[in-house]
Amino acid sequence: MSDPILGQNEVNALLDAIKMGGLADDVDVAPGASAAVSYALTSNQRVVRGRMPALEIVNDRQARLHRGSLSAIARRVVDVSYRSTSLVRFGEVQANLPNPTCVSIVQISPLAGFAAVAFDTSMLYSILDILFGGPGSGHKKRAVGDLTAVEIRLSRRLVDAILADLERAWQPLLRVRGEFVRTESNPRFVTIAAPGDVMVEITYDYELERILTGTLSILIPYAALQPYRSRLSSVLAGEQTGERNEWLEAITEHVLDVEVEATGILGTTRLGLADILRLAPGDVLKLNTDAAAPVAITVERTPVAQGLPEVVGGNIALRLTEPVMGPRFKREKNKKV
């Protein structure tokens, strides 16, 4: 039902009321109506959830992989959960990251440009405290300062594990390879993009056995993902591709165990129905093949090989001479090459 339209008389009455001061400047909001909310038109942060379904699946799979790899390094249970994926300007990311923050510059080939992995330095302090026999609450004693050589080495180990998980998570969608470049503790020194460039920020929440909670962010240039936008926007990509490969391997393994009957055809001939009815024991049938010619071996009426008839151990046998490569086998051979 459309909204009612004011008539000309009603419009004139409203104009006269405004001129005479009959209408107040402040108009009360009707009950149940939502109040106006300010929106910054210059903000470029947008949530891309639902726009890249394959990327969402990859990020969720990556969170599950991080739980195992980070827990192995920290020697404590690290719970990692995927939060969101958003588009944000790189200048805003630098402004929001506190100083110090462990920001590692990485390169993810074949994606163009550089990416970054950022997480709280308190995570480094807690893991170091645990590794040296402490309770893991060392982050409370230290809030500022540059990273030491030991902390940089630990951050490199964490980033290498994160990149390895990223490669495994992206494998069904795209084969990528992550390479560590360097680590910075001051976000202002990270210049992987211009302040106005749009970045894809993938955010994860982690919890270190109720000792510490924080966020882990992976920044990828939005322009680097453009060539693969069709894959990232495909609903059939990501998890389903990996599941399909696993099903193919399982089906292939079971098919190879299926027992089939192999038949050796010595030869063939054509007889009329009247000739067949006149056959009697001792009659000789002339075949269309030579006695020394190879025998065709078929499996489910499909030729697969050729062989020569022999007698082995009192049993009639066929010795393979050469396989028959049909069109289906040729495609499989070319695929493996």
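Count Lys and Arg as plus one, Asp and Glu as minus one, and take only other residues whose Cβ is under 13 Å from that of residue 286; the net charge is then -2. Semi-axis lengths, largest first, of the ellipsoid equivalent to the stretch 46-244 are 28, 20, 14 Å, with √(5λ) applied to each eigenvalue of the Cα gyration tensor.
Coordinate-derived values only; no laboratory data. For clarity, every value in this text was computed on a predicted model and none was experimentally measured. A quick note on method: Cβ atoms are made from the backbone with ideal geometry, for glycine too, and the neighbour counts reach across all protein chains shown.
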